[in-house]
Each structure stands twice: as C-alpha cells, then as structure tokens.
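Heads up: the structure comes next, in structure tokens.
The values are calculated or read from the model by the stated rules, or taken from the named source; none is laboratory data. Predicted model only: the values in this text are computed from it and were never measured. FYI the Cβ positions are ideal-geometry reconstructions off the backbone, even for glycines, and counts take in every protein chain you see. The area values use the complete protein model at the heavy-atom level, side chains included, leaving out ligands, DNA and RNA. Shrake-Rupley method; radii C 1.70, N 1.55, O 1.52, S 1.80 Å.
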Amino acid sequence: VVLADLPSTTTAFGGFVGYNTEWTNLILGFEANYTNAPWFGSSSDTLARRMDASGTTYNVSVTGTSSIQLNDYGTLRARAGYVMGNFLPYGFVGFAIGHADIIKSATVSDIETSDSTGNVIGCLGGTLPACSLTDSNNSNQFIYGYSAGLGMDWAVTQNLFLRGEYEYIQFVNLGGLQLYLNNVRVGAGFKF
C-alpha cells in the first residue's frame, strides 16, 4: 500500500539567538532557532485482491495508515550575508531536530470461502474467527534532518532589525515516511 502525499498548513511561533562577525561588508555567523509547530498530517489507503486456488476463494485486503504529529523543532545553522546599506541578504544551512509522534499501522483482512459450499472456512490461514490482524507502531521520538534557506534583515535602528526568510527543512529516517517543511517567516530582532 502506497500512501498519498498530504500537504498541510499551520501557523507557528518561535525565537532565535545568534552571533555574527563582520569582515568589511561580509557577515558570517551562526544561529539557534526554536519553533513551536503544532502540525499534523495523516494518510490512509487500501489494496484488495481476490484469488481462486484449489477450490477456495481468498479475499485479502491490506489497509495502511500513517500519521505524524510534529510538536516542535529547532535548528542550528550557519549563515553568511552581505551588508547593503540597511539591508542584509543572507543564506544559511543547518541541522534540524524535532519532537514528533509517529503512528504507522497496517490491517490485513483475509476471508477464505469454499467454492463448493460458499461457506467461510477460515481466516488468515487458520480457523475462524480471526479474520483481521492489525500491527501498529506508536513512537514518541526525536527526529533529525537538515535545513537551508534565504533571508533578509533590515536595520530599522542601530540595534533593532526586522527579518523575512524562507526555510526548507527535511527530516530523515522516519521509517519510510517523509516529512519536509517549507517555512515563510517574519520576525524582529535586537542586536547588541
């Protein structure tokens, strides 16, 4: 069973702290970011087959379901920018860590019917009444990945700046599932 993509949109909030060094107009630095992101996605699909063999009809179906509840995440990223008057366009790459609940389950249903009598004679290779079996995995775990993006800081005063940025985050090794985020952010910061 192949589950479909599920796009989802949510509003999140967070904060950042960092350190920059200046080399004429070139800015190099690093930042730590935290985002509280109550994002949830779920997908389900079913595949069914019927087969006749040796006087028995097998009706088998498999239903797969998965869901991810991303609670929050943080990034540690390196950034580089170039000062252009009051503006600082920059790019960044980094490491991401998140906290998520991941649930995956598969339900297999098999009903075996005698071709001669039409009676149900067994389920899942055995006798009645076990006609379905569900296997699920619920894990409360930390997930890891990477981030990259572009942004712009605008110095409103010597110590206050406004920020706008785009960030892409890909979490990896989720047991066959994929989770990636496309973030557009606005914010304000204070430098000293």
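In the set 12, 32, only one residue is in contact with a Pro (Cβ under 8 Å, 6 or more places away or on another chain) and either at pLDDT 95 or above or under 24 Å from residue 89 (Cβ atoms) (or both); that residue is 12.
Annotation note: Cβ proximity below 7 Å between a residue of the stretch 93-117 that is farther than 30 Å from residue 57 by Cα and a residue that is among the aliphatic types (A, V, I, L, M) and at pLDDT below 90 (sequence gap 6+ or interchain) occurs for 98/70; 100/68; 100/70; 102/68; 102/174; 102/177. Restricting to the stretch 143-156, name every residue that is in contact with a Lys or Arg (Cβ under 9 Å, 6 or more places away or on another chain) and either open to solvent by less than 30 Å² (accessible area, probe 1.4 Å) or not in a strand (DSSP E or B) (or both). Listed by number, the residues that qualify are 147, 149, 151, 153, 155. Could you please let me know if residue 102 is touching a strand residue (DSSP E or B) at 6+ places or on another chain (Cβ under 6 Å), open to solvent by 60 Å² or more (accessible area, probe 1.4 Å) and more than 30 Å from residue 191 (Cβ to Cβ)? Considered against the rule, which asks whether it is touching a strand residue (DSSP E or B) at 6+ places or on another chain (Cβ under 6 Å), open to solvent by 60 Å² or more (accessible area, probe 1.4 Å) and more than 30 Å from residue 191 (Cβ to Cβ), residue 102 comes out as no.
So that you can scan it fast, the table gives a plain yes or no per residue for (1) assigned to a strand (DSSP E or B); (2) open to solvent by 90 Å² or more (accessible area, probe 1.4 Å); (3) not polar (S, T, N, Q):
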site: 158; (1), (2), (3): no, yes, no
site: 163; (1), (2), (3): yes, no, yes
site: 183; (1), (2), (3): yes, no, no
site: 186; (1), (2), (3): yes, yes, yes
site: 192; (1), (2), (3): no, yes, yes
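For the stretch 73-86, the condition of being in a loop (DSSP other than H, G, I, E, B) and open to solvent by 50 Å² or more (accessible area, probe 1.4 Å) holds for at least one residue. Is it fair to say residue 120 is modelled with pLDDT under 80, open to solvent by 50 Å² or more (accessible area, probe 1.4 Å) and out of contact with any helix residue (DSSP H, G or I) (no Cβ under 9 Å at 6 or more places or on another chain)? Yes. Scanning the stretch 45-72 for residues that are more than 17 Å from residue 141 (Cα to Cα) and exposed (fewer than 15 other Cβ atoms within 10 Å of the Cβ) yields 45, 46, 47, 48, 49, 50, 51, 52, 53, 54, 55, 56. Scanning the stretch 165-181 for residues that are open to solvent by less than 60 Å² (accessible area, probe 1.4 Å) and over 18 Å from residue 14 (Cβ atoms) returns 170, 174, 175, 177.
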